[in-house]
Each structure stands twice: as structure tokens, then as C-alpha cells.
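Reviewing the structure listed below.
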Amino acid sequence: MNPINPQSPPSRPTSYTRTPSRMGVRPFRRGNSAFAAKKDGPAGGLRPSHFSTALKNGYDTKTKEAEIVPPLAPDSIRIIPLGGVEEIGKNCTMIEVGDDIIVVDIGFQFKDENTPGIDYILPNTKYVEERKEKVRAVIVTHGHLDHIGAIPFVMPRIGNPPLYTRLLTSVMIKKRQEEFLHMPPLDLRVVEKDETITVGKLKVRFFSVTHTIPDAMGLIIETPWGSIVHTGDLKLDHIDGVPTEAEEVEYERAFKNENVLMLMADSTNVENPGFSIPEKQVHKNIEEIIKNVQGRLIVATFSSLLERILKIIEFAEKYGKKVCVEGRSMKQNIEICKQLGLLKPKKDTMISSEEIDQYPPERMIILATGAQGDEYAAMMRMANKTHKYVKITKRDTILLSSSVVPGNERAVQKLKDNLSRQGAHIIHYKIADVHSSGHANRDETAWIHKKIHPKFFMPLHGYHYMLRVHGEIAREANNLPEESVIIPDNGAILEIQNKGQKIVRLKEKAASNIVMVDGFSVGDIQDVVIRDRQALAQDGIFIVFAIINSQTGRLRKSPDIISRGFVYLRESQTLLHETRILIKNTVEKSTHGMNPINVDYIKENITDEVSRFLLQKTAKRPMVIPVILTV
Ligand SMILES: [Zn+2]
């Protein structure tokens, strides 16, 4: 007999009447309702908000919000932030006027420690899906993934309406769509900043904003009671806190005579005082570094910071240097800029990885992804000495031209440690102004509010506290009364009622539980799966294989046990021995006087008894899965 046989599969398991998923999370109770599991709390533990939303929405995805949410009155406007107001990510906002719905941005969010194994998190667009015949347009403010990432997944669900955006964004969306060839083709329509489009009965105009990527824009939706303004992500181009002429002109053009009923705007950096570092300043500092650097320069930054990347290539040419790009997303974005004529490098400026060693180090600039310490990005491979072409030496200067995104502190620390261990000289945003974010600080935000001068305001794009701070800035800037500013959660339903007279937040809510992309599946009912992954990650799995003689109700032989991530079994022989005795006794007790034997009942008892025993002996709660074969 081979009691510890991690490799071989169980011998013909007969039945899995209880799914493993549901057993593991609550070993001490009968009944397998996933709901009960939620109340008890899992071994792992999702964020409380995940639970509350999942509980509120239940697992009953059939419930139609349409049956709960009252119909929209003809003199009202409805606005729902479907994502992006409890996080930085998955930005998506719905605006409904009469028979027309416009969706602004459809972004995604990357997984975090609460969603192990998940690819992306999408905004919950159920409200719009149930009214897809009303959707006239999707309008996309700019090409960052937290604004375009979920387009391939969401567009087919909302009827694949026309998608309006500016040129660069349209190409980035198209490029991304190539990875989803099974999806229906998009109806992409390119607009420019001074264009007006008509969608349904609504007219929409645009204004250009400063961000970190070209072609970023805000939009103005005209309604009979005033206009609705959505800024997208923005900051201001300025000199020492004085916005440039170009900014003045653009805001005057768009808002001087505009009756703005409602404003929605970016909250990401409103906690920072004053004005943000102008991107021009960052460019100037990077130019100095490129000009004066001794040896090779490796610049790591976000592949989405296209304006900066284009500048770096421009400076490289100016100082007679070659540029090699490392990292797929950055290569792809640079390729798009070339296609659109935003970048026109000389023929021999851009070189391939294989050619790096053909040039003296002082003529070489390497542009790389992975400034956040991302595990598989180019920069980390260089740091770990696993990069095929780039070996770090002590003559290298590494410029980390990015801030550290909250949550990435340790990864970035590790990156810096490993690079400096190899002797590289590192320049980062804390020792020089080599990075600026694309989002407005407090005083910039106030300036924008004064220019747009709305009657009502809702902050977007940020965690709850950021939205609160932004709400205060809005009130101060234009003397707005408290009731004119609404701080939303995802799925909050706002209505501007009585022909623009007042703004209210309905007590009803649109669906807001998280929608996950996990491999090929997309859905909002995978909480059970996620909880199992967390439980497995914490305490592992413990599988019991038992063969029972259906005549006698006794074990045919001592049960086999397989375990992963729990305890090291080879050093736990006593525990295994005692567990086998427990299983034997449990089986005999369960089958006593039973004919025919009830396999499910025996399994439940084994799960309960073994879980309890292992907890007592090890203070751990592995997922216990019995597999029973009757002969
Ligand atoms: Zn952005």
C-alpha cells in the first residue's frame, strides 16, 4: 500500500455529490448552501465589501434590476457610475436621458490579493445590458486600460453600439480587439475635439484635456435642462501654477457660455496639494539625464505614458543615441504611434535587442516595461539576470520614471535591491522630478471646477476617501450647497429630477457585485471559486480515498491520503496514522445498521470529523475532500 502517493490519481472515484468547492470552506456544518458559507465566513476571507455586495445581490443573477428600479421620469436624467468610484480602475459611467443611454469608458481592473487567479475585473454592466435597446453610443475618453480594457468583454453584452473616440484611442482599441477575434467587430467612429455628434436625441461635444497620453478628451452631453460634463482623466499644463494659454483657450471655448448642469471628474490625485509637476518639467529633467549620462541608460516607465516615451525617443535622436524597446506593451504602443505619424524616428534610431552590444554603452538607451516590479516584465528580468540580451553592469544608469502604485511597494523595493546589487546607479522619482502623474492635484482641480462651474457634481475615478476630498473641493470652488454634491458607490443611481431642479440618489441600486474574467469564463457568480482559492492558498487540501465494502459497511483497506499545501506528510506519520483510525471508526459508525449504505452521509461525516481532528492537531483548516468507492 502506498499511503502517501501524491502523483497517482484516485482510483475510480464514484461520486462527487457534494462539490469540493462548498465543503472546504465550512468543514463543521451540514448542508452545503453557499449562502450559509458566506455567513460563517470562509477560511480565507474576501474583502467585506465583496461579501456585502454578493449577499445583497445573492447568487440570483436572474433578478432584473428593471423590476426593482423605477422607470425614468421624462423630466429626469439618470446617471450611474458602474465602476471606478470605489477603486482606481474599471471606469465606466452610464448616462440615461429619455430613450437614450450613453456609456462613457469601459475599463477593467487588474486582480489583487483578494481575487487570486483572476485575469481581470470588469465593471458590472447589468443595468445597461437589460436596457441595451436604448444604448446609442459608447464614448471613450482616452486609451488607458482602466478606460478601454473591458471593451471586448462588455460590447457584445450591450448590443455592440457605435463607439466614438479620438484617433489614437480608436487605434489602441482596434489593436486590442485583434486579440479577441471571436468577438463581433466594433463599430468604431473617430471624432475630433471640436466636433459635435448626435446620438439618439442627444448632442455630444468634446474638449481636449491634458493627460499622459495623446488624444485624451472630456465630453459635454447637451440635455434640455443643461449639459452633463465628463472630464475623463486630466491634469493641467502649467508654469508654476499658472495654466498655459492653450489650457485657458480650450476651457474658454468649451465652457464660457455653457450652462453646466452636472460635472463628473477625476479624483485620483486631489489629496496632493497645489499643482502637479508639469510633464514638461519631467521632460526637461529626463533630457538632462540623457545628455549627461555616462554609460548606458535604461529607462523604465509605464507603457501607457506615451507622451513621455515619444519625448525620450526624440531626445535620444537629438543626442545621437540609439533606442531599444524591451516589453511587449511598450513595443505595441510605439508601433501605433509610428502608424499614426505621432512618432517619426530616423531609420536607424530604433534598434533590436540583438544589436545592443554593437553600440558603445554611452550611445545606448533601453526603454523597458516593469517599473512597478512586475514579475514578468523586462525590467524584472534584467534585475533577476534572466534577460536574454541585457546584462546589468555597474556602468549602467537606471531611470525609474514612474511613481510606485500603492500595493507595489515591495515589488519595487525588490527590483531596486536586485538592480543595485549588480552595481547599477538608480534614479527614481523621490530623488529627482523624473515622473509626474496624469491626474490633477488639489489646486488644479479647483481651477477646473471654476472654469466648468457646474450646478451639481459627482466625483469619479478614485477610492471613497479621494471622492470625499474631491467633493469638498467642488463645493468650495463654486459655493455649492451640500445637497448638490453626491459621493457615489459603484451602482449608485443618481437622478437629476424636475427638469434639472434637484439631484437625488435613489435608494435602489444597480447591480455592482464584481464581474470577473477567469480564463475563458466571464461572470459574477464566481465568489465560491475565489473563496476556495483563498482557502487552498492558506491551508491546502486534504483528500481521503476510501474503499468500502457495501455488504459489511467496513473499509476494504486502510484509506489513502493525498495532501497539498497542508503539512509535510512524510514528517507527519503519527498524524496520518491517527487520521486513518478516525476515518475507519467514522465509516463504521456511519454505516452501522445501514442498508444500502448512503455514500453522501458517510462523506459528510468524514469531512466533519477529519476537519475537526486536523484543526485540533494542527490549528489549520485544509479543504477536506473524501472520495469513496463502494465494492
Ligand atoms: Zn488615464
Review point. Counting DSSP beta bridges with both partners in region 481-631, what percentage is antiparallel, nearest 5?
Key: 65
Review point. Given Cα pairs under 8 Å that are at least 6 residues apart, what percent is the relative contact order of the chain?
Key: 19
Check your understanding: How would you classify region 282-386 from its alpha-carbon gyration tensor, with a ≥ b ≥ c the square roots of the eigenvalues: rounded for a/c under 1.5, else prolate if a/b is greater than b/c, otherwise oblate?
Key -> rounded
Revision key, fill the gap. Per DSSP loop assignment and a cutoff of at most 16 other beta carbons within 10 Å, the chain keeps its longest run without exposed GluC sites (Glu not before Pro) at 376-631
Point to revise | Cross-link reach list, lysines versus Lys451, counting only Cα pairs under 19 Å and skipping chain neighbours closer than eight places | key: Lys193, Lys235, Lys256
Practice item. Looking at the chain, send over the antiparallel percent of its DSSP beta bridges, to the nearest 5. Key: 55
Point to revise | Loop trypsin sites (Lys or Arg not before Pro), region 423-520, which have at most 12 other Cβ atoms in a 10 Å radius of their Cβ (DSSP) | key: Lys430
**Study point:** Charge dipole magnitude, Cβ of K and R +1, D and E -1 - the chain, Cα centre, debye nearest 20
**Key:** 2380
Exercise for review: For the pairs Lys291/Lys347; Lys174/Lys414; Lys111/Lys175; Lys346/Lys414; Lys284/Lys450, note any where the Cα-Cα span goes beyond 26 Å.
Suggested key: Lys174/Lys414; Lys346/Lys414; Lys284/Lys450
Point to revise | Prolate/oblate/rounded call for region 573-631, Cα gyration tensor, a/c under 1.5 rounded | key: prolate
Exercise for review: Pull up the cross-link candidates among the lysines for Lys584, meaning alpha carbon to alpha carbon under 19 Å and not fewer than 8 places away within one chain.
Suggested key: Lys557, Lys603, Lys617
Practice item. Note down the relative contact order for region 256-382 as a percent, whole number, built from C-alpha pairs under 8 angstrom at least six residues apart. Key: 31
Review point. From the square roots a ≥ b ≥ c of the eigenvalues of the alpha-carbon gyration tensor of the chain, which class results: rounded (a/c under 1.5), prolate (a/b over b/c), or oblate?
Key: oblate
Point to revise | Simple label model, 7 Å out from Cα along Cβ direction - Lys499 to Lys346, nm | key: 6.6
Exercise for review: Mind checking the per residue accessible area of the chain for me, 1.4 Å probe, whole number of Å²?
Suggested key: 44
Exercise for review: Only helical DSSP H runs with n ≥ 4 go in: add -39500 (n - 2.57) per run for the chain, normalise by residue count and round the 222 nm mean residue ellipticity to 500 deg cm²/dmol.
Suggested key: -9500 deg cm²/dmol
Exercise for review: Could you list the trypsin sites (Lys or Arg not before Pro) in region 326-390 that lie in coil according to DSSP, counting only those with at most 11 other Cβ atoms within 10 Å of their Cβ?
Suggested key: Lys346, Lys347, Lys388
Exercise for review: Give a quick list of chymotrypsin sites (Phe, Trp or Tyr not before Pro) in region 489-584 that DSSP marks as loop, anything other than H, G, I, E or B, with at most 15 other Cβ atoms within 10 Å.
Suggested key: Phe520, Tyr568
Review point. Taking Cα pairs under 8 Å and at least six residues apart, what relative contact order does region 124-253 come out at, in percent?
Key: 19
Point to revise | Carbon plus sulfur fraction of accessible area for the chain, probe 1.4 Å, in percent | key: 50
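The values are calculated or read from the model by the stated rules, or taken from the named source; none is laboratory data. Everything quoted here is computed from the prediction, not taken from an experiment. No Cβ is skipped: glycine too gets one built from the backbone with ideal geometry, and neighbour counts run over all protein chains shown. Just the protein is used for accessible areas: all its heavy atoms, side chains included, with ligands, DNA and RNA removed. Shrake-Rupley method; radii C 1.70, N 1.55, O 1.52, S 1.80 Å.
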